[in-house]
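**Student:** Take this structure first; my questions come after.
The values are calculated or read from the model by the stated rules, or taken from the named source; none is laboratory data. Model, not experiment: these values are computed from the prediction. Ideal geometry is used to build each Cβ from the backbone, glycine not excepted, and the neighbour counts take in all protein chains shown. Remember, those area values only see protein heavy atoms, side chains included, never the ligands or the DNA or RNA. Shrake-Rupley method; radii C 1.70, N 1.55, O 1.52, S 1.80 Å.
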Amino acid sequence: MQQHPYTEKKDTRSGFGAGLSELGRSNPDVVGLCADLTGSLKMDAFQKEHPERFFQVGIAEANMMGIAAGLTIGGKIPFTGTFANFSTGRVYDQIRQSIAYSGKNVKICASHAGLTLGEDGATHQILEDIGLMKMLPGMVVINPCDFNQTKAATIAVAKHKGPVYLRFGRPAVPNFTPADQKFEIGKAVMMNEGKDISIFATGHLVWKAIEACEALEKEGISAEIINIHTIKPLDHQAVIASVKKTGCVVTAEEHQENGGLGDSIAQLLARELPSPLEMVAVKDSFGESGTPDQLMKKYGLDSPDIVKAAKKALSRKSK
Amino acid sequence: MITKEEPTLQKGTTKMPDIKELEKICSQVRRDIVRMVHAVNSGHPGGSLGCTEYFTALYFAVMKHNPKAFNMDGKGEDIFFLSNGHISPVFYSVLARSGYFDVKELATFRKLDSRLQGHPTTHEGLPGVRVASGSLGQGMSVAIGAALAKKLNNDNRLVYSLHGDGEIQEGQIWEAAMYAAANKVDNLISTIDVNGQQIDGSTDKVLPMGDLKAKWQAFGWEVLSTKNGNTISEVIETLEAAATYTGKGKPVMILMRTEMGYGVDFMMGSHKWHGVAPNDEQLAKALAQLPETLGDY
């Protein structure tokens, strides 16, 4: 199995902060907006270095999305920052009309996505944001897996012309992808080549999939692990090529089963290559308070859940 | 204070605007409005007719803009955002009549494959439109963003926005109002069309909004009022007065009193013509009150 050593755990939101800070120095058109969560979003470095290009809007996310849309008129590249819940559900209509339908070059950057937000509980743990955003025509949806990848993604989306939803999280997680990686929007990343089953994972679940891969290997099962950092546009070619080889699938994400990555992959495979598929995702439920680890276990998003899903998909393949 | 001299940009006139000429334009714009909504038996004539003087003043006498070479960024130009997008007929008519696109295209309003969608959008690339609107309450935030971009670009032109009075029942308007004052967005002139009507009846019946002037002043805006937003000279005077308040640390608000349906007697003073098109007989009656001055499309 391909090894993915790491020396430290870091939060993906700090990867965003580092990426934004680098962009601030390299691209004078990049501007930042935040709705009273500058520290949580790790936008403080950008704010400090470029106060004239940073807009504190207060607790007013709808206004923030509109101001961001307006800033593009005049050539700016706005990066908005708040929690994923307030970046999507709270402002869906503003994003839909003023940004997506209007084709504005706004980067909607969303932290504290999913269950790993932890103790604040279900009011803040959005598990529907990928679905909401991927339904909008023209919206790019990205969910990187660790600090290095989030930093690279942040820098990459500035070059993409058009609206982007960039999703990341709160807890420190293994930082295992290369610091010098080239981030290509819409291009899946092979983490481990295998022949028995394809595991497509996104965000924090990529590391869980790697852990699952190790466990499966011990039982003689060769799992292919593919990091789908871009949920939309989905890398059709990578998905089809892998499933042609393995013949069965597990998808893994920190999101509702409805509307997430699994949903996108199932749709593609149903059309082009029907195959046994199991989804590791939240099953039509809200979250609750708890530590990130407790929640990932309780809601079935841990590596043993991926192992279990893989075995189920494999058994369906052999029937 | 914003200077107003820029020879490369179009302005209706560089001398005192010819009020008679502008009134002629208003009459033609009103003909366009009723003909457009009649042709597709849908659309919003009431607010469009009420805001005809405002649009004509803005596009033919006040703004410095470049209709023949529209570009999205509008650098070096005054730019306008329509937040209450349902009054698209007056917006489209004035954009066409001021040269953004051929007036013949007004005949495609609300039809399949048209750039003139029911509510304005950038999606089909119609020159003159810089953001989609229709879902209410969003345009002031966008205008603020564009005004901030102008400041970052050292562009001393102004940003204008128009809102319905019913529209300001949306909470986002007040988020924007707070932001603009707190952050001294003083290159923005917003206008509220105070016609006192909304879909379900008068604004005083549906949701009384109290003293609008006091509210906007309390939010930190410079507030101007027009007694009669259907008198073109008064609208121009107010817009020009508003410009003298820009650059002084406060956003500027114009509370513009208009009559919904103005110019067509049977459409005036009622919310009933908010979103209803005239039938053949009503169209003939309306057109009889509105002389054709620039040639129908």
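**Student:** Have a look at A:ILE240, B:SER88, B:LEU255 and report the one farthest towards the positive end of the charge dipole of the protein assembly as shown, computed about the Cα centre with Cβ charges (Lys/Arg +1, Asp/Glu -1).
**Tutor:** About the Cα centre, the residue reaching furthest to the positive side is A:ILE240.
**Student:** Just from its helices, what would the mean residue ellipticity at 222 nm be for chain B, if runs of 4 or more DSSP H residues each count -39500 (n - 2.57) and the sum is divided by every residue, rounded to the nearest 500 deg cm²/dmol? Kindly include the intermediate steps, with their values, before the conclusion.
**Tutor:** On the way: 10 runs with 103 residues, N = 297.
So the helix-based figure for chain B works out to -10500 deg cm²/dmol.
**Student:** Of all DSSP beta bridges located in segment A:9-174, what percent are antiparallel, nearest 5?
**Tutor:** Looking only at bridges with both residues in segment A:9-174, the antiparallel portion is about 15 percent.
**Student:** If we sort A:38-44, A:4-10, B:176-182 on the protection proxy, mean other Cβ atoms within 10 Å, highest first, what's the order?
**Tutor:** Numbers: A:38-44: 20.1, A:4-10: 12.7, B:176-182: 22.9.
Ranked by mean Cβ neighbours within 10 Å, highest first: B:176-182, A:38-44, A:4-10.
**Student:** Under 1.5 on a/c is rounded, so check that first for chain A, then, if it is not, pick prolate when a/b is larger than b/c and oblate when it is not; a ≥ b ≥ c are the square roots of the alpha carbon gyration tensor eigenvalues.
**Tutor:** prolate
**Student:** Which value in deg cm²/dmol, rounded to the nearest 500, describes the helix-derived mean residue ellipticity at 222 nm for chain A, given -39,500 (n - 2.57) per DSSP H run of n ≥ 4 and division by the residue count?
**Tutor:** Here the helix-only value at 222 nm equals -10500 deg cm²/dmol.
**Student:** For chain B, how big is the tail of P(r) above 30 Å, as a whole percent of Cα pairs?
**Tutor:** Working: 10695 of 43956 pairs.
So the pairs more than 30 Å apart make up 24 percent of the total in chain B.
**Student:** Taking the Cα centre of the protein assembly as shown as the origin and placing charges on Cβ (Lys, Arg +1; Asp, Glu -1), which of A:GLN2, A:LEU268, B:SER270 is farthest toward the positive end of the dipole?
**Tutor:** Of the candidates, A:GLN2 comes out farthest on the positive side.
**Student:** Residues of segment A:168-186 with backbone nitrogen within less than 16 Å of a virtual label 7 Å along the Cα-to-Cβ line of A:THR291, please, listed as ranges.
**Tutor:** The answer is A:171-174, whose backbone nitrogens lie closer than 16 Å to the label point.
**Student:** Run down the lysines and flag those whose C-alpha is under 29 Å from the C-alpha of B:LYS24, throwing out any fewer than 8 positions away in its chain.
**Tutor:** In chain and number order, the partners are B:LYS4, B:LYS11, B:LYS15, B:LYS64, B:LYS68, B:LYS104, B:LYS111, B:LYS227, B:LYS272, B:LYS285.
**Student:** A further question follows. Using only Cα positions of segment B:226-297, each an equal point scatterer, no hydration layer, compute I(q)/I(0) via Debye at q = 0.12, 0.13, 0.25, 0.26 Å⁻¹ and quote the log10 values to two decimals.
**Tutor:** Taken in order of the listed q values, log10 I(q)/I(0) reads -0.51, -0.57, -1.12, -1.16.
**Student:** Now, a different point. Based on DSSP, what percent of beta bridges with both residues in segment B:19-288 are antiparallel, to the nearest 5?
**Tutor:** 10
**Student:** Can you pull the Rg over Rh of segment A:249-317, Cα-only, Kirkwood?
**Tutor:** The Rg/Rh ratio comes out at 1.01.
**Student:** Where the only charges are on Cβ atoms (+1 Lys, Arg; -1 Asp, Glu), what is the dipole of segment A:9-174 about its Cα centre, to the nearest 20 debye?
**Tutor:** Numbers: 18 positive and 14 negative charges, 95 e Å.
I would put it at about 460 debye.
**Student:** Calculate what fraction, in whole %, of the accessible area of segment A:9-174 sits on carbon and sulfur atoms when a 1.4 Å probe is rolled over the protein chains.
**Tutor:** 52
**Student:** What number comes out for accessible area per residue over chain B if the probe is 1.4 Å? Units Å², please.
**Tutor:** On the way: 11320 Å² over 297 residues.
Computed with neighbouring chains in place, this is 38 Å² per residue.
**Student:** How big is D, in µm² s⁻¹, for segment B:104-228 by Stokes-Einstein at 10 °C and 1.306 mPa s if Rh is the Kirkwood radius over C-alpha pairs?
**Tutor:** 98
**Student:** Skipping prolines and chain starts, which residues have an amide H placed within reach, meaning under 5 Å, of the one on A:GLY121, given they are 5 or more residues away or on another chain?
**Tutor:** Long-range HN contacts for A:GLY121: A:GLY290.
**Student:** Expressed as an acute angle from 0 to 90° and rounded to the nearest 10, what is the orientation of the C-alpha long axis of helix A:236-246 relative to the principal long axis of chain A?
**Tutor:** So the helix axis and the longest Cα principal axis differ by about 20 degrees.
**Student:** Also, I was wondering about something else. For A:LYS161, which aspartates and glutamates qualify as cross-link partners when the Cα separation must be under 20 Å and same-chain residues fewer than eight apart are set aside?
**Tutor:** A:GLU22, A:ASP29, A:GLU184, A:ASP235, B:ASP73, B:GLU124
**Student:** Return the distance in nm (one decimal) between the two label points of a simple spin-label model at A:ASP93 and B:LYS184, each offset 7 Å from Cα along Cα→Cβ.
**Tutor:** Using points 7 Å along Cα→Cβ, the separation is 3.4 nm.
**Student:** For the protein assembly as shown, just run the numbers: alpha carbon Rg, then divide by 2.2 N^0.38 Å, N being how many residues it has.
**Tutor:** Against the empirical 2.2 N^0.38 Å value, I get 1.08 for the protein assembly as shown.
**Student:** Also, I was wondering about something else. Nothing charged except the Cβ atoms of Lys and Arg (+1) and of Asp and Glu (-1): what's the magnitude of the dipole of the protein assembly as shown about its Cα centre? Round to the nearest 20 debye. Please report the intermediate quantities before stating the final value.
**Tutor:** Numbers: 66 positive and 70 negative charges, 180 e Å.
Here the size comes out at about 860 debye.
**Student:** Given a Förster distance of 60 Å, report the FRET efficiency between B:GLU21 and A:ASP120 from their Cβ-Cβ distance, rounded to the nearest 0.05.
**Tutor:** Values: r = 62 Å, r/R0 = 1.04.
Here the calculated transfer efficiency is 0.45.
**Student:** Students often check this: by mean Cβ neighbours within 10 Å, which of A:291-303, B:147-159 ranks highest, and how do the rest follow?
**Tutor:** Numbers: A:291-303: 18.0, B:147-159: 21.4.
Packing order, densest peptide first, comes out as B:147-159, A:291-303.
**Student:** Using a 10 Å Cβ count of at most 13 others and DSSP loop calls, identify the longest part of chain B lacking such GluC sites (Glu not before Pro).
**Tutor:** Longest gap between qualifying sites, sites excluded: B:125-291.
**Student:** Now, a different point. Among the trypsin sites (Lys or Arg not before Pro) in segment A:179-213, which ones are in a DSSP loop with at most 15 other Cβ atoms within 10 Å of the Cβ? Mind listing them?
**Tutor:** Values: sites: A:LYS182, A:LYS187, A:LYS195, A:LYS208; in loops: A:LYS182, A:LYS187, A:LYS195.
Loop-located and lightly packed - A:LYS182, A:LYS187, A:LYS195.
**Student:** Past 20 Å, Cα to Cα, is the threshold; run A:LYS42/A:LYS182; A:LYS244/A:LYS311; A:LYS10/A:LYS42; A:LYS187/A:LYS297; A:LYS195/A:LYS218 against it and keep the listed order. Display every interim value, and only then the final one.
**Tutor:** On the way: A:LYS42/A:LYS182 22 Å; A:LYS244/A:LYS311 18 Å; A:LYS10/A:LYS42 12 Å; A:LYS187/A:LYS297 30 Å; A:LYS195/A:LYS218 15 Å.
Correct reply: A:LYS42/A:LYS182; A:LYS187/A:LYS297.
**Student:** Moving on to the next point. Ignoring any ligand, DNA or RNA, what whole percent of the accessible area of segment B:33-176 comes from carbon and sulfur when the probe is 1.4 angstrom?
**Tutor:** 47
**Student:** Follow-up question, since we're still on this one. Measure off 7 Å from each Cα along the Cα-to-Cβ vector at B:LYS272 and A:GLU193, then give the distance between these two points in nanometres to one decimal.
**Tutor:** According to this spin-label approximation, the distance is 7.7 nm.
**Student:** Separate question: Can you compute the charge dipole magnitude of chain B about its Cα centre, using +1 on each Lys and Arg Cβ and -1 on each Asp and Glu Cβ, nothing else charged? Give it in debye, rounded to the nearest 20.
**Tutor:** 420
**Student:** Can I ask one more? With every protein chain left in place and a probe of 1.4 Å, what is the accessible surface of A:LYS245, to the nearest 10 Å²?
**Tutor:** Ignoring ligands and nucleic acids, A:LYS245 comes out at about 100 Å².
**Student:** Tell me which of B:SER133, B:LEU152, B:TRP174 sits at the most positive position along the dipole axis of segment B:118-206, charges placed on C-beta atoms (Lys, Arg +1; Asp, Glu -1).
**Tutor:** Looking along the dipole axis, the top candidate is B:LEU152.
**Student:** Mind checking the mean number of beta-carbon atoms from other chains within 10 Å of the Cβ atoms in B:174-184? Could you put the intermediate results ahead of the total?
**Tutor:** Values: counts 2, 11, 6, 1, 4, 9, 2, 0, 3, 5, 0.
Partner-chain Cβ atoms within 10 Å, mean over residues of B:174-184: 4.
**Student:** Another question about this same structure. What is the spin-label model distance, in nm, from A:ASN258 to B:VAL206 if the labels are put 7 Å beyond Cα along the C-beta direction?
**Tutor:** Placing both labels 7 Å beyond Cα along the Cβ direction yields 3.2 nm.
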